[in-house]
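Data block below; observations after.
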Amino acid sequence: MSRNPFSKSKNPQLLILVIILVAIFLLFGLLTKGKIFELHSLQAIAFQLPLLGLLTLAQMSPMLTGGIDLSIVSTANLSAIIIALSMTQFNFSPFLAIILGLVLSLGLGVLKGTLVAFCSIPAMIATLGLMIFIRGVALVITKGYVIAGFPQSFLFLGDGTILGIPMPFIIFLIAAAFMSLILNRTPFGIQLYLLGSNPTATLFSGVNNKRVIFRVYLLCSFLAGVASIVMTARFNAAQAGYGESYLLLTVLACVLGGVNPSGGFGKVGGLILSMVVLQVVATGFNLLGLSSHLASALWGIILVSVILTNRLIFARET
Amino acid sequence: MIGREAYLVNKKIFQQTEFYLGIIIVALSFFLTLINPKFLTLENWFDMLRSNTFLGILALGELVVLISGGIDVSFTATATIAQYIMGLIITTYYIDNVLVAFLIPIPIGIALGAINGALVYYTKVHPVIITISTLNAFFGFLMFFSGGKWIYNFPPSFRSFSRLQVFSLVNARGVEYGFSIFILLWIILAIFTWMILKYFPVGRKIYAVGGNLEAARRAGFNIFRLQLFVYCFMGALAGLASFVNASLNQMIQPNSLVGGELDILAAAILGGASVFGGSGSAGGAFLGVLLIAIIKNGLILMRASAYWHEVIMGAIIVAAAGISAYQQKAKAKREGEILVP
C-alpha cells in the first residue's frame, strides 16, 4: 500500500473520487450493457469534456489562491466574438484570429489582475462587476446576434480527430500539462500554493504577493481564451450568452477535484478526475435516454456527498 | 472595546453607502429629467418600481444572507420550484383564490432554504460551494419532473390580482395608472427586513455572526439556528418573489429565472452589503435596486440601446468596490495595520 500514491496524500478526496469513478463506470457499464465502453461513447466523452475542462482549469488558479473568477465565461465569450468577427468580417486567417482572441483575453486578465492585486478589491466583487461589464460589451458589439460561418481549417479544432483522438481533447490535455508544469515546476507555482495557504507567511518570506495574484488572473484569463477557441470551433458560432451555465459548474468541478475553496490545495490530476466523473455521468445518462437535467442534479448531489464524506472522515480523525 | 469601535466604524460606512447611493440617484434623476421630462412622473416611477419588485424582494433576502457572512446562489432554483408547484396546484385543482396561491410558495421556499442552512452549518464548507450544488440539484430535478413545460391559463382571480392597485390616478391623456399592490408588498418586506435587522435580537445576532463567527459562537449564540434562520428567510422571500413573478407574467417558465442569480447578488452588493459579512442594510439594498432600475429606465427614455445597461452597471460595481477598497486601505494605513493582499 505504501506504493499507492493516494495513501501518501493527506487529502482523502482523490481516493474517494477514484472510487466514485470506478463505481460509476461499472454502474453505467452494467446499465448500458457495456455501451459506455464502446469507442464512440468514449469519443463522445472526449468531445464534450474539454470545454468545461478548460474553463475549470482557468478557474483553478484563482481558487488556489483563495479567490474566484466569476468572469471567465464572459471573458471566453468576448474572446470568441473577437475570433469570430475577425474571421467573418475582416477575413483574417484563423491563426491570426486566435492570436487576437488570446491577446484580448490577456488584456482582460491585466484588467482583472490590476483590480484584484493592486486595487485590493475582493476577487468575488471585482470579477462579478467585470462579468457584467464584459457581458455588456459583448452584447453591445453583437446586439445579441449569433456570429457563425467559419473556415473549415478553424472548425477542425472543434470536430477533427488525430488518430481517433478528438482535437478539443488534445487541446485540453496540452492545457492541463501546461498548467501542471506551471504549478509544480516553476517558482511562481510554488509561491501560488504558499500564498493560498498562508498569505501573511508568504509576504514575510519575501514573496511579492501582489505580483503573484496579478499573474494568477493573467493565467486564468489566458486559459479562458483557450477555452473560447474550443467553444467557437465546437459550436461553429459565437454569441454573448454562450456557456453561462458553465460558470458556477467550474467552481463545483474544482471543489470536486480537491481544490480547497479557501486556497492552497489542489492538483491538476484531481481536476481531470472530477471532469471525467462529471462527463461519464452525463454521457451515461444520455446513453440511457435519461434527461440531461437529471445528470446535472446528480452532479450537485455527488459534490455534496463527497463533502459530507470528507467531513465524516475528517471528524473521525480529530 | 475593539469590537465596539469596529461597530461604530462599520456603522459610519453603512451610512456613507446609503448616502452616496442617494446622491447618485438624485443626480441621475435630475439629469434624466432634463433629457426627458417623462422620467419624473409618477406614472413612470410606478411602472419602474412595479417591474423591479421581483429583483427588489430577492435582493432583500440575499442581503440578510450576506450580512450573516454567507452567500446564496440557489434562490433562483428555489423560486422556480416554489412558483412551479404553486402553478401546478392552482391550475390542476383550479383554485380560484389568490390567498391560497400566495401562501403555497412560502413554505416550499422555507423548506428548500432549510436544506441549504443545514448543509452550510454541518459541512462548514464555504456557502457558495453548497448553494452551487443545491442550485444544480434543485434545478435539475425541477427540469426533469416538469419536462420544461410552461404553465399558463390561471384562474380569473389570479389574473385580476396582478392588475390590483392600492390607488390609481389618471394621466394627462386620460389613461389610468396606479400604485401596484406588488410595490406595496416590496415596501412592506423592506420595512420588515429593516426591523428584523435593526430591532430584533435575531437581527443583531446575524450581524454578530457575520462580523466574527467564532466570537459569536463563544458568546453563546446558537449558530445552527441563526444560519437556518438566514437561509430559510432567503427561501421565504424567494417564494414570495416567485409569486410576484408568476403573477406579473401570468406564465410560469421553468427556465426563465435560473442564471440570473449573480445579477441579484450584484444588486445587494451595490446596496452596500459586504461579501465578508457583518455589514449592509435593508435601506441600502432598496436603494441599490432602485439605482439599477433607474439606469435601465433611463437608457430606455434616452432611446439608447438597452445593451449598454450591463456595461454601465458593471462599471459602477467595479468603481464602487474600488472606492471602498481604497477607503479601507487608507484606514489601515492610519491605524498602522499591515494589509496582506
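The values are calculated or read from the model by the stated rules, or taken from the named source; none is laboratory data. Note that the coordinates shown come from a computational prediction; the quantities given were computed from them, not determined experimentally. Cβ placement follows ideal geometry from the backbone for every residue including glycine, while neighbour counts extend to all protein chains displayed. Accessible surface is based on the protein model in full, side chains and every heavy atom, while ligands, DNA and RNA are left aside. Shrake-Rupley method; radii C 1.70, N 1.55, O 1.52, S 1.80 Å.
Quick notes
- In terms of its alpha-carbon gyration tensor, the protein assembly as shown comes out rounded; the largest-to-smallest axis ratio a/c stays below the 1.5 threshold.
- Looking at the stretch B:156-235, the trypsin sites (Lys or Arg not before Pro) that sit in a DSSP loop and have at most 16 other Cβ atoms within 10 Å of their own Cβ are B:Arg163, B:Arg173.
- Ranked order, B:Met86, B:Met302 - accessible area, probe 1.4 Å, largest first: B:Met302, B:Met86
- Ranking B:Phe179, A:Phe222 by solvent-accessible area of protein heavy atoms (1.4 Å probe, all protein chains present), from largest to smallest, gives A:Phe222, B:Phe179.
- Each of A:Ala46, B:Ala82, B:Phe102 was scored by the projection of its Cα onto the charge dipole of the protein assembly as shown, and the greatest displacement toward the positive side belongs to A:Ala46; charges sit on the C-beta of Lys, Arg, Asp and Glu.
- Approximate spin-label separation A:Ile99-A:Ile182, in nm, with each point projected 7 Å along Cα-to-Cβ: 2.1 nm
- Using the Karplus relation 6.51 cos²θ - 1.76 cosθ + 1.60 with θ = phi - 60°, the per-residue 3J(HN,Hα) values for the stretch B:185-197 come to 4, 4, 5, 4, 5, 5, 5, 4, 4, 4, 5, 4, 5 Hz, with x marking Gly and Pro.
- On the stretch B:291-341, 61 percent of the accessible area sits on carbon and sulfur atoms, based on a 1.4 Å probe.
- Annotation for the stretch B:103-128 versus the stretch B:209-242: alpha-carbon center distance of 10 Å.
- Ignoring the sites themselves, chain B has its longest run without GluC sites (Glu not before Pro) in a DSSP loop having at most 16 other Cβ atoms within 10 Å at B:1-334.
- Candidate residues A:Trp299, B:Trp186: accessible-area rank, largest first, probe 1.4 Å: A:Trp299, B:Trp186
- Stretch in chain A that is longest and holds no trypsin sites (Lys or Arg not before Pro) that DSSP places in a loop and that have at most 15 other beta carbons within 10 Å: A:144-318
- DSSP H segments from chain A that extend 18 Å or more along their own axis, Cα-based, with Kyte-Doolittle mean of -1.0 or above: A:13-31, A:39-64, A:72-88, A:94-113, A:123-142, A:167-185, A:209-235, A:268-287, A:292-317
- Aspartates and glutamates with Cα under 20 Å of A:Lys267, excluding same-chain neighbours fewer than 8 positions away: A:Asp69
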